Each structure stands twice: as structure tokens, then as C-alpha cells.
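Notes to accompany the following structure.
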Amino acid sequence: MLKSITIDNFRGIKHLGIENFGRINIFVGANGSGKTTVLEALAIMASPGDPHMLSRLAMWREMGPMNIQVDYPLRSFFFDLNAGRDISLSARTEIGTQRLAISGLQPTISQSIESGINQPAGGVGPQDATGLFSGSGRTEEPRLVDGTKLTGIKYQFIDEYEQSATCVASLIPMGLQGTVIPV
């Protein structure tokens with residue numbers, strides 16, 4: 001049974017720790033206060049390294065599919081849309097503590113130069129108050145300050161027995177593709 005959870009840099013939650021879970025738990029709060037985000041963190045902890053879980057969560061929030069051209073649904077998992085801040089999830093159960101770190105992957109400098117990823121799209125101006133790039137009457141997905149897009153994410157999962165597993169999920173034209181990295 002779940003005893004506690006700690007969430008850092010996930011969606012709209014900078015830091016949250018919840019202790020003393022019972023057999024039945026009820027989350028109450030105003031719209032946008034993070035109730036669904038806590039449930040999403042629990043879902044990710046229940047299936048660490050499954051990139052399809054992230055796709056399902058993005059679709060449940062009606063963000064549309066994620067792919068190499070559109071990184072916003074994947075970027076939305078990071079606090080303030082900043083994939084430079086690693087997500088950290090930790091859950092304590094009767095058996096022990098499980099930890100999951102999720103890092104955003106960006107193209108290497110050579111990949112960026114070859115594909116022109118670091119170059120802003122034509123007509124794109126400065127960020128507006130919502131953090132969206134706007135200009136020439138159109139709005140684009142939020143990006144990191146340097147303009148690079150995410151190419152995927154990396155999971156580092158440590159179970160209650162201190163066994164570690166790493167998975168990389170890469171954005172591809174049709175969504176996310178995951179691979180487990182041998183230790």
C-alpha cells in the first residue's frame with residue numbers, strides 16, 4: 001500500500017509531498033490546483049519507463065499526439081514547460097521507496113546545426129506573457145530559451161531494492177519510441 005509520494009518539477013507542481021495515505025484517499029481542491037497531476041504522477045510511478053503512458057496522459061488532456069515535429073505535449077510534463085528541470089517522483093510503500101527521475105533530451109549541437117533546430121522559425125517574435133512565441137499572427141509551441149526542441153526523455157528508475165533501470169523514449173514521426181538501456 002502507498003504510504004507517501006513526493007513530486008518535484010512535474011506539470012504545475014514545483015514541489016509536493018503527501019504523507020499518510022490510507023486505503024481510500026480523496027483529493028479536493030479548486031480547478032487547476034493539481035489533483036489530476038498527482039494522479040498522473042502516480043500513474044507514471046506505476047508504469048515507469050512506459051512511454052505510452054505519457055502519450056495516454058497527453059491525450060487524456062486533449063493535447064493531441066506528440067511527435068518529432070510537436071514536442072509541446074511532452075514538454076508539458078515539465079514544470080513551467082522547462083525540460084531543463086528534471087522531474088523527480090518518489091513513492092514510499094510498505095516494501096520500500098521507489099524513485100523515478102525524468103530528464104528531457106535535446107538534440108546535440110551537431111544535430112541542431114544540421115537540421116536548423118536552433119534557428120527560430122520565420123516570423124516568430126519574442127515570447128508573450130503566456131510563454132508562447134508569437135509573431136506574424138501565429139502562435140507556436142513554447143520552447144527552451146535557446147529555441148531547441150525536445151527529442152525525447154530519459155527515465156532513471158530505482159526500485160525498492162535499489163535496482164536501477166534506464167529507458168530512453170525518443171520522439172519519432174509517429175509518437176514516442178522507447179528503448180531500455182542495458183546497465
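The values are calculated or read from the model by the stated rules, or taken from the named source; none is laboratory data. None of the values given here were measured: they were computed from a predicted structure. Reconstructed Cβ throughout: ideal geometry from the backbone, glycine too, with neighbour counts over all protein chains shown. Quick note on the areas: whole protein, heavy atoms, side chains included, nothing else; ligands and nucleic acids left out. Shrake-Rupley method; radii C 1.70, N 1.55, O 1.52, S 1.80 Å.
Quick look at the numbers
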| read-out | value |
| --- | --- |
| Qualifying positions in the range 5-21 - open to solvent by less than 30 Å² (accessible area, probe 1.4 Å) and either of a type in the set (Lys, Arg) or over 21 Å from Tyr155 (Cβ atoms) (or both) | Arg11, Phe21 |
| Only one of Leu89, Leu81, Leu74 that is surrounded by 17 or more Cβ atoms within 10 Å (Cβ to Cβ), of a type outside the set (Ser, Thr, Tyr) and closer than 30 Å to Arg23 by Cβ | Leu89 |
| Residue check for Val145: touching a strand residue (DSSP E or B) at 6+ places or on another chain (Cβ under 6 Å), part of a loop (DSSP other than H, G, I, E, B) and at pLDDT below 85 | no |
| Residues within the range 22-42 that are exposed (fewer than 15 other Cβ atoms within 10 Å of the Cβ) and in contact with a helix residue (DSSP H, G or I) (Cβ under 7 Å, 6 or more places away or on another chain), tallied | 2 |
| Flag if Thr108 is over 14 Å from the mean Cα position of the chain (by Cα), at pLDDT 90 or above, open to solvent by 10 Å² or more (accessible area, probe 1.4 Å) and of a type in the set (Ser, Thr, Tyr) | no |
| Count of residues meeting criterion [over 22 Å from Thr97 (Cβ atoms) and outside any strand (DSSP E or B)] in the range 164-183 | 3 |
